[in-house]
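The values are calculated or read from the model by the stated rules, or taken from the named source; none is laboratory data. Owing to the predicted nature of the structure, the values given are computational and were not obtained by experimental measurement. Cβ placement follows ideal geometry from the backbone for every residue including glycine, while neighbour counts extend to all protein chains displayed. Just the protein is used for accessible areas: all its heavy atoms, side chains included, with ligands, DNA and RNA removed. Shrake-Rupley method; radii C 1.70, N 1.55, O 1.52, S 1.80 Å.
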Amino acid sequence: MTTPVNPLTPGLYIVATPIGNLGDLSPRAAEVLAGADVIAVEDTRVTAGLLRHIGTKRPMTPYHDHNAEHVRPQLIARMASEVVALVSDAGTPLISDPGYKLVRDARAAGHQVVTIPGPCAAIAALTLAGLPTDRFFFLGFLPAKEQARAAAIAEVAAVRATLVIYESGPRLSACLSALADGLGDREAAVTREITKKFEEAVTGTLSTLAARYADAPPRGEIVVVVAPPAPPAPMAIEDADAALAEALTRLPASKAAGEVAKAFGVDRKALYARALEMKGDSVA
Ligand code: SAM
């Protein structure tokens, strides 16, 4: 049975919950849930199970896209004197889940907002995929309709970051094919059932993964992780010759080299030497 160690001060507490394995609920999250006056939940049955796991019962109020406009002002009013916790069915609230307007309005009303971080499928998938993690771009769920999905993919084709996408089993293969069409056949990982019994990460190119899942849509919850675009091949100095020759008709060698170096992203010193060569001089 979890009981709060210290009385919590009134406000809004954003509480991350497990994405499968209940052992991932942090002690601090359990403490806040046990001490909450009310917990805003997506589905009371799901959160009741979590509360049972920590041996507590707290009042819950459903908070989801269909009732948020009506329920939000009530929750905001209660935060003045009560501890209001927000959870989603799994993972971190606000990440492809409701909550940002509640945080926005709580701040606007001057209430304390506290986060209790923890599991998030997007972050967990990045740790499994074996793809670069220094820059990543979270896309959430792509549109279900083919045209809108292709447009959303085209929008991020030039983004120099690993892409993270939430997807469902039945749509997985079509999604992977659309990604291959829109991005090129990049390396990717399909991560599935993270922290659960059948957790797996299958890696390959987008097209091989699309083929693998075409006839056998996988069960369970899925995150697709896609490698960033390959870096452009470094430009050879000769590729800038035409531009340099043109610049030399207008400018002295050092200025021409500077202008072209900036435009082409190539080394200024090397371009200067090239410019002198073109003019028949040589570098001292
Ligand atoms: N707020 C959650 C979070 O922090 O990850 C995400 C909620 S979103 C409505 C649900 C989606 O997250 C699922 O459709 C799936 O794409 C992904 N997801 C959630 N749990 C997962 C798990 N255990 N393994 C893989 N993907 C998961």
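Provide, as a two-decimal number, the C-alpha radius of gyration of the stretch 187-284 over 2.2 N^0.38 Å, N being how many residues it has.
Output field value: 2.01.
Looking at the square roots a ≥ b ≥ c of the eigenvalues of the Cα gyration tensor of the stretch 165-228, which shape do they give, rounded for a/c under 1.5, prolate if a/b is larger than b/c, or oblate?
prolate
Taking a point 7 angstrom from the Cα of Ala158 along the C-beta vector, which residues in the stretch 210-240 have backbone N less than 20 Å away?
Under 20 Å, as judged by backbone N against the label point of Ala158, lie 227-235 of the stretch 210-240.
Determine, from the Cβ-Cβ distance of Asp185 and Thr127 and an R0 of 22 Å, the FRET efficiency 1/(1 + (r/R0)^6), rounded to the nearest 0.05.
Using R0 = 22 Å, I get an efficiency of 0.35.
Within the set of other residues whose C-beta is less than 12 Å from the C-beta of Glu146, count the net charge using Lys and Arg as +1 and Asp and Glu as -1.
+2
Can you bin the chain into rounded, prolate or oblate? Criterion: square roots of the alpha carbon gyration tensor eigenvalues sorted a ≥ b ≥ c, rounded for a/c under 1.5, prolate for a/b above b/c, oblate for the rest.
prolate
How much length is gained on full extension from Gln147 to Gln74, taking 0.36 nm per residue of separation minus their Cα-Cα distance?
22.3 nm
Cross-link partners among lysines for Lys255, C-alpha distance below 16 Å, same-chain residues fewer than 8 apart left out?
Lys269, Lys279
Please list the non-local residues whose amide H lies under 5 Å from the amide H of Ile14, H modeled 1.01 Å from N, same-chain partners needing a gap of 5 or more.
Long-range HN contacts for Ile14: Leu86, Val114, Thr115, Ile116.
What is the distance, in nm, between label points placed 7 Å from the Cα along the Cα-to-Cβ direction at Ala233 and at Arg268?
2.8
At a 1.4 Å probe, what is the % contribution of carbon and sulfur to the accessible area of the chain?
55
State whether the stretch 99-220 is rounded, prolate or oblate according to the following rule on the C-alpha gyration tensor (a ≥ b ≥ c being the square roots of its eigenvalues): a/c under 1.5 gives rounded; otherwise a/b larger than b/c gives prolate, and the remaining case gives oblate.
The shape class here is prolate.
Using 7 Å Cα-to-Cβ label points, what is the Arg104/Ser81 separation (nm, one decimal)?
2.9
Which whole-number value in Å² is the accessible area per residue of the stretch 237-283, probe 1.4 Å?
It amounts to 61 Å² per residue over the stretch 237-283.
Taking every DSSP beta bridge that has both residues in the stretch 100-246, what percent is antiparallel when rounded to the nearest 5?
75
Return the aspartates and glutamates within reach of Lys196: Cα separation strictly under 13 angstrom, same-chain partners fewer than 8 residues apart disregarded; answer none if there are no such residues.
Leaving aside aspartates and glutamates fewer than 8 places away in the same chain, those within reach of Lys196 are Asp24, Glu221.
Please work out the ratio of the alpha-carbon Rg of the stretch 237-283 to 2.2 N^0.38 Å and round it to two decimals.
For the stretch 237-283, the normalised Cα radius of gyration is 0.93.
Taking the DSSP beta bridges in the chain as the whole, what percent of them are antiparallel, to the nearest 5?
Here the share of antiparallel DSSP bridges comes out near 50 percent.
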